[in-house]
Amino acid sequence: MGSGQPKVRDLLAERAGEEMALNDRHLNPQLGRIVRTLGFDRRWVGGEGEHLIDDRGERYLDLVGGHGVFAVGRNHPAVAAAIDELLAARTPNMPQLGVTLLSGLLAEELLARAPDSVDAMVPANSGAEAVEAAIKLSRAASGRSRVLHASHSFHGLTMGALSLNGNEEFREGFEPLLPGCEAVPFGDRDALAHELAAGDVAAFVIEPIQGKGVNLPPPGYLEAAQRLCREAGALFVVDEVQTGLGRTGRFLALEHWGLEPDMICLAKALSGGMVPVGAVLVSRAVMDAVFDSMERGVRHSSTFGGNDLAAAAGLATLRVLEEEGLAARAERLGGLLLELTAPLVDRYEIVRDVRGLGLIWAIELGPPGGLASRATWRMAERAQPGLGAQLLTVPLFHRHRVLCQVAGHRMNVIKALPALVVSEQELRRFAAALERVVRAAERTPSAAARTGWRLARGAAVARLRGAA
Ligand SMILES: Cc1ncc(COP(=O)(O)O)c(C=O)c1O
């Protein structure tokens, strides 16, 4: 690379418009097809707070939030400033045979906010990597190999994390996965007790609220799961990769149930969404059992784990969460969103459920009652399970400038993970838009289907024309 190499800013300007072609040629063309089919292939030029901004300057309410990483909002100035400052400081990052200040400070801050049951931090670079670490640490600490997870669970897509995945569509084609990893039905404490009874389980890994489908635990389940694990000598591992950092109205979701796990996995929002990050908060007992001698002092690590950039971003994010009171804000605005949207269950036949906690929210849809309407729904579902929900996400995007996602494969659940800084006005706008698209889909589902596809196709054709 000569000194003539364009700067990032020049590249962004000079090559603008080539995103999709480059994706299709060098990255994932099937993803490109999905995005184009839905007509979601806007050219995004910016992100701010709860919004994505396209090349016409239109602001879209972003309810996908980079899969939940933008709790403090996109490009939060305080996190960006911390990253700039860190780079300017030219720190002695990652000496490896040495230790650094910032990851220690991040550990100190996280542990101060976590239950007393955890006392150390193992750094990682992503959610899946945090889960991998939890699997390894629980096996090494317990000397046992079985690891239990819940049906419908999602803990990431690397081989270990995938072994704890309760969704067939992710596992299929990648098996055999890690031996000894088994699912128990989510919410079923008897099934968990039954599996734990053999006394050979290293750990039970659980999301307090399941990301795929936004499934809330039945009352008493998580507390019982923790107690059962303790009784069976199994470690209780709570995956807060999606629910942590204020999302549910508490710094950690586990606070809702007073849980005291042996390990807590964190990632996603921890760096303000700006750089990859992950961490496992670990009990002293587990830490000491795994790293029990100098010889075993580096038996688990990751080159970039605890790097200064992620630590600085993490520290800034924690400060922002606190200064802006974002957990309390998530609780208040989540309550408002439920209040605005829960009545849709009674008003519309296709709305089966509306649920959430803080600002993790979902609406579940089902087939309408009328014969003709039901036939249209079934047709969409036959073409592809979960397509019914897309009939809402498409007009939400094109008509109302709201980006939202279906909550998992083959499910008619639409999910929202807005930035916790989202304005009340934007949430009200979303609730009104949602009711309009639900009403249209229920009253005239075939028209909704046609409109959905026309909007999606129209957007694609317009772009083709634009490109020609
Ligand atoms: C609960 C949970 N755990 C783990 C992961 C994996 O995180 P990552 O994509 O950073 O590997 C996710 C990602 O969605 C998640 O929701």
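Using mean Cβ contacts within 10 Å as the protection proxy, how do 95-103, 125-133 order, highest first?
Working: 95-103: 12.3, 125-133: 25.6.
Top of the packing list down: 125-133, 95-103.
Taking 8 Å as the Cα distance limit and 6 or more residues as the minimum spacing, I'd like the relative contact order of region 49-154 as a percentage.
Working: 40 pairs, mean separation 12.0, N = 106.
Here the relative contact order equals 11 percent.
Note down the relative contact order for the chain as a percent, whole number, built from C-alpha pairs under 8 angstrom at least six residues apart.
Details: 900 pairs, mean separation 93.0, N = 468.
Result for the chain is 20 percent.
List the equivalent ellipsoid semi-axes of region 93-208 in whole Å, largest first, each obtained as the square root of 5λ for an eigenvalue λ of the Cα gyration tensor. Display every interim value, and only then the final one.
Details: eigenvalues 162, 61, 37 Å².
Semi-axis lengths for region 93-208 are 28, 17, 14 Å.
Among Pro343, Ala311, Phe251, which residue has its Cα furthest toward the positive end of the charge dipole of region 243-353, with +1 on Lys/Arg Cβ and -1 on Asp/Glu Cβ?
In region 243-353, that residue is Ala311.
With a ≥ b ≥ c the root eigenvalues of the C-alpha gyration tensor of region 308-351, is it rounded (a/c under 1.5), prolate (a/b larger than b/c) or oblate? Please report the intermediate quantities before stating the final value.
Details: a/c = 9.27, a/b = 2.91, b/c = 3.18.
Cα axes put region 308-351 in the oblate bin.
Starting at the first residue of region 95-111, write each ³J(HN,Hα) from the Karplus equation 6.51 cos²θ - 1.76 cosθ + 1.60 with θ = phi - 60°, in whole Hz, x for Gly and Pro.
For region 95-111, the Karplus-derived couplings read x, 6, 8, x, 10, 10, 7, 5, 5, x, 5, 5, 4, 4, 5, 5, 5 Hz, x marking Gly and Pro.
In the chain, with Lys and Arg counted as +1 and Asp and Glu as -1 at Cβ, which of these residues, Asn215, Leu164, Gly297, has the Cα nearest the positive end of the dipole, that is, farthest along it?
Going by the charge dipole, the pick is Asn215.
Amide H neighbours of Ser145 under 5 Å, at least 5 residues apart or on other chains, H built in the peptide plane: list them.
When sequence neighbours closer than 5 places are left aside, the close amide H contacts are Ala202.
Only loop residues by DSSP count here, and only those with at most 13 other Cβ atoms within 10 Å; note down the GluC sites (Glu not before Pro) in region 1-99 that meet that. Working shown, then result.
Working: sites: Glu14, Glu18, Glu19, Glu48, Glu50, Glu58, Glu85; in loops: Glu18, Glu50, Glu58.
Counting only loop positions with at most 13 other Cβ atoms within 10 Å, the GluC sites (Glu not before Pro) in region 1-99 are Glu18, Glu58.
Taking the mean number of other Cβ atoms within 10 Å as a proxy for protection, how do you rank 409-418, 157-166 from highest to lowest? Intermediate values should be presented prior to the final figure.
Values: 409-418: 22.8, 157-166: 20.6.
Order by mean packing, descending: 409-418, 157-166.
Can you find, among Phe186, Ala380, Gly272, the residue farthest towards the positive end of the dipole of the chain? Put +1 on the C-beta of Lys and Arg, -1 on that of Asp and Glu.
Of the candidates, Ala380 comes out farthest on the positive side.
Can you give me the Cα centroid spacing of region 228-297 and region 383-403 in angstrom?
The distance from the Cα centre of region 228-297 to that of region 383-403 comes to 35 Å.
Could you give the radius of gyration (one decimal) and Dmax (whole number) of the Cα atoms in region 13-121, in Å?
When restricted to the Cα atoms of region 13-121, Rg and Dmax are 19.4, 52 Å.
Can you return the lysines within cross-link range of Lys415? Criterion is Cα-Cα under 21 Å, with same-chain partners fewer than 8 residues away left out.
Lys212, Lys268
In whole Hz, what ³J(HN,Hα) sequence does region 113-122 give by Karplus (6.51, -1.76, 1.60; θ = phi - 60°), x for Gly and Pro?
Here the 3J(HN,Hα) series is 9, 9, x, 5, 5, 10, 9, 8, 10, 10 Hz.
Rank by packing, highest mean first: peptides 59-66, 5-12, with packing defined as the count of other Cβ atoms within 10 Å averaged across residues.
Numbers: 59-66: 21.8, 5-12: 9.2.
Ranking, from highest mean packing down: 59-66, 5-12.
List every residue whose amide H lies under 5 Å from the amide H of Gln405, counting only residues 5 or more places away in sequence or on a different chain, with H placed 1.01 Å from N in the peptide plane.
Residues meeting the criterion, in which the H sits 1.01 Å from N, are Lys415.
Taking the Cα centre of region 1-64 as the origin, how large is its charge dipole in debye, to the nearest 20, when only Lys and Arg (+1) and Asp and Glu (-1) carry charge on their Cβ atoms?
On the way: 10 positive and 12 negative charges, 40 e Å.
For this selection, approximately 200 debye.
Using the crude model of +1 on Lys and Arg Cβ and -1 on Asp and Glu Cβ, and no other charge, please compute the dipole size for the chain relative to its Cα centre, in debye to 20. Numbers along the way, then the final one.
On the way: 51 positive and 55 negative charges, 430 e Å.
Here the chain has a charge dipole of around 2060 debye.
Given a 1.4 Å probe and every protein chain left where it sits, what share in percent of the accessible area of the chain is carbon and sulfur?
Numbers: 11520 of 21410 Å².
Heavy-atom surface of the chain belonging to carbon and sulfur, 1.4 Å probe: 54 percent.
How much area per residue is accessible in the chain when the probe is 1.4 Å and only protein heavy atoms are counted (Å²)?
Details: 21410 Å² over 468 residues.
Per-residue accessible area for the chain comes out at 46 Å².
Residue-wise, which Karplus ³J(HN,Hα) couplings in Hz belong to region 296-310, taking 6.51 cos²θ - 1.76 cosθ + 1.60, θ = phi - 60°, and x for glycine or proline?
9, x, 10, 6, 9, 6, 8, 3, 8, x, x, 5, 5, 5, 5
Add +1 for every Lys or Arg and -1 for every Asp or Glu among the other residues with Cβ under 13 Å from the Cβ of Ile360, and state the total. Walk me through the numbers on the way to the answer.
Values: positive: Lys212, Arg247, Arg250, Lys268, Arg355, Lys415; negative: Glu207, Glu240, Glu331.
Around Ile360, the surrounding residues sum to +3.
Once you order the gyration tensor axes a ≥ b ≥ c over the Cα atoms, which shape class does region 209-269 get: rounded for a/c under 1.5, otherwise prolate or oblate by comparing a/b with b/c?
Numbers: a/c = 1.88, a/b = 1.50, b/c = 1.25.
Here region 209-269 falls in the prolate category.
In whole Å, what three semi-axes, largest first, describe the equivalent ellipsoid of region 164-222 built from its Cα gyration tensor (square root of 5 times each eigenvalue)?
Values: eigenvalues 83, 65, 13 Å².
Over the Cα atoms of region 164-222, the semi-axes work out to 20, 18, 8 Å.
Based on a Kirkwood Rh over C-alpha pairs, give the Stokes-Einstein translational diffusion coefficient of region 279-385 at 10 °C and viscosity 1.306 mPa s in µm²/s.
Numbers: Rh = 19.1 Å.
The estimated diffusion coefficient comes to 83 µm²/s.
Based on alpha-carbon atoms only, what is the radius of gyration of the chain relative to the globular estimate 2.2 N^0.38 Å?
Numbers: Rg = 22.9 Å, N = 468, 2.2 N^0.38 = 22.8 Å.
So the Cα radius of gyration is 1.01 times the expected 2.2 N^0.38 Å.
The values are calculated or read from the model by the stated rules, or taken from the named source; none is laboratory data. What you see is a predicted model, and the numbers here were worked out from it, not measured in a lab. Cβ: placed from backbone, ideal geometry, glycine included. Neighbour counts: every protein chain shown. We work out accessible area using only protein heavy atoms, side chains counted, and drop any ligands, DNA or RNA first. Shrake-Rupley method; radii C 1.70, N 1.55, O 1.52, S 1.80 Å.
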